[in-house]
1. With +1 on each Lys and Arg Cβ and -1 on each Asp and Glu Cβ, how big is the dipole of the stretch 6-165 about its Cα centre, in debye rounded to the nearest 20?
2. All other residues with a Cβ under 13 Å from the Cβ of D21 taken together, and with Lys, Arg as +1 and Asp, Glu as -1, what is their net charge?
3. Between E27 and D71, what FRET efficiency follows from the Cβ-Cβ distance if R0 is 25 Å, with the result rounded to 0.05?
4. Quick one: which residues, 5 or more positions from T91 or on another chain, have an amide H under 5 Å from its amide H? H modelled 1.01 Å from N in the peptide plane, none for Pro or chain starts.
5. Considering only protein heavy atoms, what per residue accessible area in square angstrom results for the stretch 1-132 with a 1.4 angstrom probe?
6. Kindly give Rg over Rh for the stretch 1-148, based on alpha-carbon atoms, with the Kirkwood expression for the hydrodynamic radius.
7. Packing-wise, with mean Cβ within 10 Å as the measure, how do 178-185, 82-89 rank, highest first?
8. Based on a Kirkwood Rh over C-alpha pairs, give the Stokes-Einstein translational diffusion coefficient of the stretch 89-235 at 10 °C and viscosity 1.306 mPa s in µm²/s.
Amino acid sequence: MPAIETTDLTKQYGDTVAVADLDLAVESGSVFGFLGPNGAGKSTTMRMLTGLVRPTRGRATVAGADATDRDALRPRIGYLPETPPLYDHATAYEQLDYAAGLRDLDPERARERAGDLFDRLDLPAEVAAGRIADYSKGMRQKVAYVQAVLHQPEVVFLDEPTSGLDPRAARTLRELIVELADGGTTVFLSTHILPVVEAVADAVGILYDGELVAEGAPAELQRRAETGEARSLED
Ligand code: ATP
């Protein structure tokens, strides 16, 4: 059974159709790259799949739960949104203690896991002990990523996860994403940066103006683009 499945998933804001009749199936334990230019509807799709926005029409299931059932979704999913919700007055450790508390995680094990991930992402302990208000965008992004995966969700949604990261941290994050999927987590990754998707995705969907214009393995899409077949994908 797919970890994420959508049928005719649609969101309209007044006359704007942000997402139109989206039919998607994402295999369990795979990395799905969701590509598209700014304004294509990627964030709106993620907000529907994480229960934050109600679809105008259609339906979605995520990790076996209906995407409108937030209580069922909460323990099964993680979400790194475009603008991560972090408390500026807290330190990274306090932020993650708080997140662990909300999710009823064992505090010591959660700290240990967070510490390991901070090490991997090169967020030094003395920085993690300082206030988030003083962090760069990249440092905030690292904390937000750790917060999204701390409870080892079945499905994790990452909206532009390498945003603000230096090349080395971006590479580490790509490695972590592949490790997550190897461990059985399904990763839904939205980005407008093609190389990120090429490096990690098992399958790719391309969204344009709210519509899915192409879907397939990255190499297959590349081949179609090179042979000019891509046009026919829009039919
Ligand atoms: P970006 O990467 O810039 O966030 P995106 O692909 O995530 O782009 P969305 O943010 O999902 O795109 O936006 C898709 C369309 O829906 C845009 O035309 C946007 O203006 C519109 N839209 C999104 N949210 C709302 C809202 N709350 N009210 C009205 N229109 C919205």
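1. Computed charge dipole of the stretch 6-165: roughly 280 debye.
2. That sum, taken over residues with Cβ under 13 Å, equals -1.
3. 0.45
4. Placed amide hydrogens put I132 under 5 Å from T91.
5. 51
6. Taking Rg over the Kirkwood Rh, I get 1.02.
7. Packing order, densest peptide first, comes out as 178-185, 82-89.
8. 94
The values are calculated or read from the model by the stated rules, or taken from the named source; none is laboratory data. Here the structure is a predicted model, which is why all the values come from computation and not from measurement. With ideal geometry, Cβ positions are generated from the backbone for all residues, glycine too; neighbour counts draw on all protein chains shown. Just so you know, the surface numbers come from the protein's heavy atoms only, side chains and all, with ligands and any DNA or RNA stripped out. Shrake-Rupley method; radii C 1.70, N 1.55, O 1.52, S 1.80 Å.
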